[in-house]
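Comments concern the structure below.
All of the numbers you see were taken from the coordinates with simple rules; none came from a lab. Given the structure is predicted, the values throughout are model-derived calculations rather than measurements. Don't worry about glycine lacking a Cβ; one is built from the backbone with ideal geometry, like all the others, and counts go over all protein chains shown.
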């Protein structure tokens, strides 16, 4: 079948290629003419025979919302737009309503797989109407990994469910990464464990903790055994934050996912105001740290 | 080669079978005569030609220490004992010293894989002398999964390093499990996601969070889609606790692993003394909860 | 001076009394005629000489917003409305804009003190214009505790700063309460500490942890030494949630405040879906719990 | 009555003074001759009339244990030693046993108050036999704050209970300090709150969060409003660690106290190995950060 793709960045570029390899005809648009198949969204619409399916793969938030608004101008009744970006699930109702004014359908699709998706396929979770899902299934089948469909694709639920599921997926990912990271640091700290990379590599088969993320950690350690080429400075994207916010909205305890998020925040602070406050308090009650030493051999202070 | 195994419980029973399948001769001892190949540790020693290798697979702590002490009586100089149980790494120096009095060698081996190890093989991490590791390599090769040796086996370091690595492995496992669990609960809480088991199943291929634990969660949801057959009551074994204690000893922040451990503690409390204290405080300052209502429409309290 | 108060619940009722005791003339409105001085907001406005100052003390959110909207109908240019409830600080811009349409001023005021405020006075933090703050100062002085003004009152900053500061105050309060609560539970768990209430009572003077909350805990233990009359079930109001959300919005690590919030969420669950998922995973890999026992003396499983 | 004090550091020096002010005769020993009243422990013993009471106030651990051992040589049957340092409660049984060999009694006493104790008095929690507690009561009365005895002194329980209670006290203190610190950082991060020191100062009267620690924070902000003179680098002493370890030993969830402890650990890391591991994982799956940019306008990655 035919597919339009808007946004040919790292993700969209590879997805166009994967869908093409599956034998579909893809027209891609990007504002970068070097990668674009077409000069404008209107041109993209003109190159597709209706009813059209257009996949949006641009940065979440304002850019996605604007792209959807522009598509509502150039597409026609009966067409279908799929937002495959990392939009917050609360945007989906807005986007769907905008398109519904023109009789255009909408699906939200969470996509996982990163730069490895071109070869491995992408994990997909979709929200919206079953009939729309059915219509786009050849595309979903092209994008998802080999193997049983249900192991790489789900119709998760109503409008927004795809992005909600992807948000939770990423929240889990924060927790998983931090769990491995804490274990790595503790192995590094041990005077007994002499070969940390070999120890972690040995977890790849047979163990309870084997996973794709573990494989990636092994990859990283293969080329940089102490991870010395990196700084412990970690950005976060929206999903980790949104996951904790939704946990709060639903009164779901999320101690692990929030701890992972806060560890990222802290990693970006060269000096923590909070810890300055703790230091200030210790100074106040105990004469800790720099303060004048006083008589020698006795117990300095009994406070923490 | 020959191997003695002491302890034929769920783990040892399967390990005897896996080593036998690899073509080795195994003599197993268990105090349960139905599964034991021999009537006593002395008999086990008699049935093996020296220098002997004996694998201990009994509950960690006192039972393992006693077993090692008994083995020191029946084995001979030049023999080798491998503790494959979940001993705390601090026990390894004690066990090794006990055996060294008789000139018997000692290795500590962390074993991961659970009931699936018989078919999949066991992930192995070993601590001790390289020569002893080399001597037992045919047994390690029999137990570890198919594939490159280094992906299922590591000589992690000095005496104790095997159990230290296994301890950290299990600490990570606590964090991973809790991350998936929090995600599961949040999906369940969402009014958008209508098919939670299908959503999680779709993470098995292509996604960043795919893992063996995820596969197990899918298995569990296949037979019990709401996990209604279980109570949210979770025991912990020693390793999670030891991991947090070692993190503290090494001043390694472990917010995720400790949060996972504390979630287990809390899961076993029908009524939390701490939360009774919080409730008591709220009562004190705000007249929250049951207390007499007072004038109607106004703001009850401005406290938390 | 004159003051109108809207909302005579537990807080507003006492505040009317405290302001009256300071010699001001107060007209209170509540939809409950038993406590109200007047029959309607219009009547309240009529009973005050302009320029009027009206203090709103009704439940946060819709009720406060509606009350402000109604006040904008009955008040006049040059009047001043103070929202002393626990509104989210993001509501203040909306409320202020609504009133500004009519030339009516607006201050947001966080109020702390609970049922003890009538006698002790209320801690006050205010957001808005300095001139408006100055105008209402006699009322703030009446409400705040005895002692230096700056120890019980602050003009915290711009519009919204009062409620933001109160939100943070309550977030801190969550952390403080949970810290005491964890300590209480650990004392209770100790076999050495035979008199927990006496131990906590002894912290009231001289120690680093002495505080008003500690005094309240002592009060509670005086009447119920084991806190047996309470269940460990704790509600949360908006501020704890908002504090964590704002921490996330500002990339501020808040591990303690969020842990305190999640402990409250967990306290309200009779059975945790997350912990059912952890239990399910343990069953899957280890044959833990109920599953058939297998051979006797061996090590059950080496997993966590 | 008479009292011997061993250790005249910041704490012991002030305690000698406070006991003297109460009218007791105190002989202090310190290896620093400038502050010592006597030249040796033997000399200290000789200067006191039996049955003697000797207060030990030296650094916890080996130094305290050695001091107790030395005292067992120079004291006599019927004398009493009180360890007022921050010993781990598990040391108390050892110290008591050592002294019991000579018929010397032993009490463990947790002391809180820091450098402010000289004027304010010290909060005291004691473990051991009631008769010994009674014997030393004049000294406890001299050291504790003015006011009712039970608000600054408790006989907490058996041998070790005093240090256990002090350990928990300090664990709570970690949580309290971190709660205020997180709130401080969030206020600092707000664009609405223009006067953070004034806002915090206004919490001193009337509010739910008023406390001695809050007063200290106000002191610190008075002299350094942004806390710019300090680095966010915070040591920890033993008690925070021990509290979490005991929480684990008793299966008591301690998310807040442990989070406060881990925040201190993290504050001392200029670069976190764990966060390097998280950064490495992000690089692996997403081409995040520095990696080559690829086509322009599209969505970079959909991972976290």
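Quick notes on this structure:
- Cα gyration tensor shape of the protein assembly as shown, rounded if a/c is under 1.5, else prolate or oblate by comparing a/b with b/c: oblate
- Relative contact order of region A:145-264, defined on C-alpha pairs under 8 angstrom at six or more residues apart (%): 32
- Considering only C:228, C:141, C:83, the Gaussian network model of chain C with Cα springs below 10 Å gives its largest mean-square fluctuation to C:228.
- Peptide D:156-166 - average C-beta neighbours from other chains (10 Å radius): 6
- Springs between Cα atoms under 10 Å define the GNM used for chain C, and in it the highest mean-square fluctuation of C:282, C:16, C:88 occurs at C:282.
- Cα-based shape type of region A:1-154, given that a ≥ b ≥ c are square roots of the gyration tensor eigenvalues and the cut on a/c is 1.5: rounded
- Distances between copies of residue C:69, taken at a point 7 Å out from Cα along the Cα→Cβ vector and listed shortest first: 2.6, 7.9, 7.9 nm.
- Each of B:250, D:169 was scored by other Cβ atoms within 10 Å of its Cβ. Arranged with the fewest first, they read B:250, D:169.
- Peptide-level mean, for D:11-20, of C-beta atoms on other protein chains within 10 Å: 2
- Only DSSP H runs of four or more residues enter the estimate; each adds -39500 (n - 2.57), and after division by the residues of chain D the mean residue ellipticity at 222 nm equals -14500 deg cm²/dmol.
- Nearest-to-axis residue of chain C, judged by beta-carbon position, where the axis maps C onto D, in Å: C:211, 2
- Helix D:90-100 axis versus longest C-alpha principal axis of chain D: approximately 10°, rounded to the nearest ten.
- Packing rank of C:255-264, A:21-30, D:183-192, where each peptide gets the mean count of other beta carbons within 10 Å, highest leading: C:255-264, D:183-192, A:21-30
- Summarising the strand pairing of the protein assembly as shown, around 25 percent of its internal DSSP beta bridges are antiparallel.
- Tilt relative to chain C, helix C:238-249 - C-alpha long axis, 0 to 90 degrees, to 10: 80
- For chain D, radius of gyration divided by Kirkwood radius, i.e. Rg to Rh on alpha-carbons: 1.11
- Note on chain A: GNM, Cα springs under 10 Å; of A:54, A:168, A:209, the largest mean-square fluctuation is that of A:209.
- Across identical copies of the chain, residue A:130 has label-point separations of 6.4, 6.6, 7.5 nm, listed in ascending order, with the point defined 7 angstrom from Cα along Cα→Cβ.
- Helix C:10-21 and the longest principal axis of the C-alpha atoms of chain C enclose an angle of approximately 40°.
- Residue order, fewest to most beta carbons within 10 Å, for C:124, D:94, C:217: D:94, C:217, C:124
- Burial ordering of D:164, D:13, fewest other beta-carbon atoms within 10 Å first: D:13, D:164
- Inter-copy spacing of residue C:270 label points, which lie 7 Å from Cα along Cα→Cβ, given in nm from shortest upward: 1.2, 5.5, 5.6
- For the residues of D:102-112, the average number of beta carbons from a partner chain within 10 Å of their own beta carbon is 2.
- Cα gyration tensor shape for region D:160-280, rounded if a/c is under 1.5, else prolate or oblate: oblate
- Chain A: relative contact order in percent, alpha carbon pairs under 8 Å with at least 6 residues between: 12
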